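The values are calculated or read from the model by the stated rules, or taken from the named source; none is laboratory data. In this text the structure is predicted, and so the values were computed from the model without any measurement. Quick reminder, even Gly has a Cβ in these numbers, built from the backbone with ideal geometry, and neighbours come from all protein chains shown. Quick note on the areas: whole protein, heavy atoms, side chains included, nothing else; ligands and nucleic acids left out. Shrake-Rupley method; radii C 1.70, N 1.55, O 1.52, S 1.80 Å.
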Amino acid sequence: MTRRTVAAAAVALLGAAGLAAALTTTATADPPPTLTANGGMVAALARDLNLTTEQARARIDREATAARTESTLKTRLGPDFAGAWMNADGTELVVGVTTASQIQAVEAAGARPEVVGRSLADLDALKVKLDRNARSAPKSVPGWYVDTPTNAVVVLARDVADAKAFARASGLGEEDVRIERSAERPRPLIDVIGGNAYYIGSGSRCSVGFAVDGGFVTAGHCGRTGASTTQPSGTFAGSSFPGNDYAWVRTAAGNTGRPLVNRYPGTVPVAGSTEAPVGASVCRSGSTTGWRCGTIQQKNASVTYPEGTITGLTRTNACAEPGDSGGSWLTGDQAQGVTSGGSGNCTSGGTIYFQPVNEILQVYGLRLVVSGGTPPTSTTSPTTTTTDPGQTTWQPGVAYATGSLVTYGGVGYRCLQGHTSQPGWDPPAVPALWQRV
């Protein structure tokens, strides 16, 4: 007979009083993992809950004990268990029970008992009814949950009448739920990664190009300025099509830009946006056909779509299909552009054009989110003679197009290849990208 079986038999034979005495010998069966905290967790807890370091460590220790106690009592109390929760300051574990006969068992485990009307199983059964009717939930109902401290099922609502109607339609009476007014408007918080799908307006799909500070770049034909997006949530802050085919989406707070592109599977880093030459290999990522590669055929190409002519595109022999629009193009770890359009598909092959990314960054004043890629190096000695054409001072994190003029240390330089500057890529250090003027 296992220890768990022995404990179950003891419950049946001894009742609550016997259970209370037996808890100390049975609590060791299958204990949950012990909660541990590193220094970062302690520091964050102290910061966000306004605690001292010592108070944060003590709280973590109490919560580890509470987790083990809850696990034990949930098993031992069976259908009488009504949930467990920490009190407001996290100093005490409270355990709900549906019969007074279980009070002594809870106290013996070191928790404070509270007799309530519904078991946790009862509450969960009520919530299941709401879950089954979730497709019919009105937009003014942002969510619902089991609230163990108040022994109730709560429905959140911006419109109380809608919430009551939803509860009734789900098979719940007024006594089964508590309606709480709420201004919540939940949305998913997403890592913004190149090549991932996003959705525009009523559901059309495109692909993320590259993360930039505050959002991402993509194709202009995917959405007009002001159009809304989901997954991630955001708004087209700028869009140009036809003539150009570029746009950028300002994402809502909580979505995090990452210096990555989806390789389907896995990811590749984005370290900058140095423009690759004609003939270089290039790979693209998109939410329809994933990761595809080819070579750069021509630059500064013009292509005529039914909506009009687009100029300044780069022509490639890599394939793409609808839904890949806006997605990322990379040579190595350097961003090249976002998918515009073309002909053919990934079964028969074709010709696909992309909008160069540096133009997008420059037009909208955006900064690419980049990883710690290794910048180009040179053994050439820095130039010290100067002329100052009075142009913008060079600085890292700025997209410079071919031909841009800057000054650095009083010296004038012209950009030889479009790129996003990084620390250590100043003109004297990278003569491959800059020419003294």
Q. Looking at segment 202-217, which of its residues are assigned to a loop (DSSP other than H, G, I, E, B) and open to solvent by less than 10 Å² (accessible area, probe 1.4 Å)?
A. Val208, Gly209
Q) Which residue, of Leu313, Leu330, is more than 25 Å from Gly397 (Cβ to Cβ) and modelled with pLDDT of 90 or more? A) Leu313
**Q.** Every residue from segment 180-201 that is within 14 Å of the chain's Cα centre (by Cα), loosely packed, with under 14 Cβ neighbours inside 10 Å and not in a loop (DSSP other than H, G, I, E, B)
**A.** Asp191
Q. Could you say which residue among Gly272, Gly254 is open to solvent by 30 Å² or more (accessible area, probe 1.4 Å), farther than 29 Å from Thr347 by Cβ, in contact (Cβ under 8 Å) with a residue 60 or more places away in the chain and not aromatic (Phe, Trp, Tyr)?
A. Gly254
Q) Failed condition for Gly143, given (1) in contact with a strand residue (DSSP E or B) (Cβ under 6 Å, 6 or more places away or on another chain); (2) at pLDDT 95 or above, with all others met? A) (2)
Q: Test each condition in (1) open to solvent by 50 Å² or more (accessible area, probe 1.4 Å); (2) within 30 Å of Asn50 (Cβ to Cβ) for Thr69 and report the one that comes out false.
A: (1)
Q) Can you name the residue in segment 328-373 that is out of contact with any strand residue (DSSP E or B) (no Cβ under 7 Å at 6 or more places or on another chain) and of a type in the set (S, T, N, Q) and, of all such residues, is most open to solvent (accessible area, probe 1.4 Å)? A) Thr347
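Would you mention how many residues in segment 247-288 are in contact with a helix residue (DSSP H, G or I) (Cβ under 8 Å, 6 or more places away or on another chain) and closer than 20 Å to Gln422 by Cβ? Walk me through it before giving the result.
Our first condition is that a residue be in contact with a helix residue (DSSP H, G or I) (Cβ under 8 Å, 6 or more places away or on another chain); within segment 247-288, this holds for 247-248, 273, 275.
Now drop any that are not closer than 20 Å to Gln422 by Cβ, which leaves 273, 275.
Residues meeting the conditions: 2.
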Q: Answer yes or no: is there a residue in segment 218-236 that is buried (at least 22 other Cβ atoms within 10 Å of the Cβ), part of a strand (DSSP E or B) and in contact (Cβ under 8 Å) with a residue 40 or more places away in the chain.
A: yes
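For residues that are open to solvent by 30 Å² or more (accessible area, probe 1.4 Å) and not in a helix (DSSP H, G or I), tally how many sit in segment 143-175. Give the steps one after another, and end with the answer.
So in segment 143-175, the residues open to solvent by 30 Å² or more (accessible area, probe 1.4 Å) come out as 144-147, 149-150, 158-162, 164-165, 168-169, 171, 174-175.
From what is left, the residues that are not in a helix (DSSP H, G or I) are 144-147, 158-159, 171.
Of the residues in segment 143-175, 7 are open to solvent by 30 Å² or more (accessible area, probe 1.4 Å) and not in a helix (DSSP H, G or I).
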Q: For segment 311-324, name all the residues that are out of contact with any Gly (no Cβ under 7 Å at 6 or more places or on another chain) and surrounded by 15 or more Cβ atoms within 10 Å (Cβ to Cβ).
A: Gly312, Leu313, Arg315, Glu321
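Looking at Gly209, Gly173, which is the one that is over 14 Å from the mean Cα position of the chain (by Cα) and without any contact (Cβ under 8 Å) to a residue 12 or more places away in the chain?
Details: Gly209 fails: without any contact (Cβ under 8 Å) to a residue 12 or more places away in the chain.
Just one listed residue meets the conditions, Gly173.
Give segment 237-258 a look and list any residue that's more than 24 Å from Ile352 (Cα to Cα), among the hydrophobic types (A, V, I, L, M, F, W, C) and at pLDDT 95 or above, or say none.
Here is the first cut: in segment 237-258, the residues more than 24 Å from Ile352 (Cα to Cα) are 237, 250-258.
Next, from what is left, pick out any that are among the hydrophobic types (A, V, I, L, M, F, W, C): 237, 252-253.
Listed by number, the list holds a single entry, Ala237.
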(Q) Looking only at segment 91-119, filter to residues that are touching a residue at least 40 places away in the same chain (Cβ under 8 Å) and under 25 Å from Thr52 (Cβ atoms); which one of those is farthest from the chain's Cα centre (by Cα)? (A) Gly110
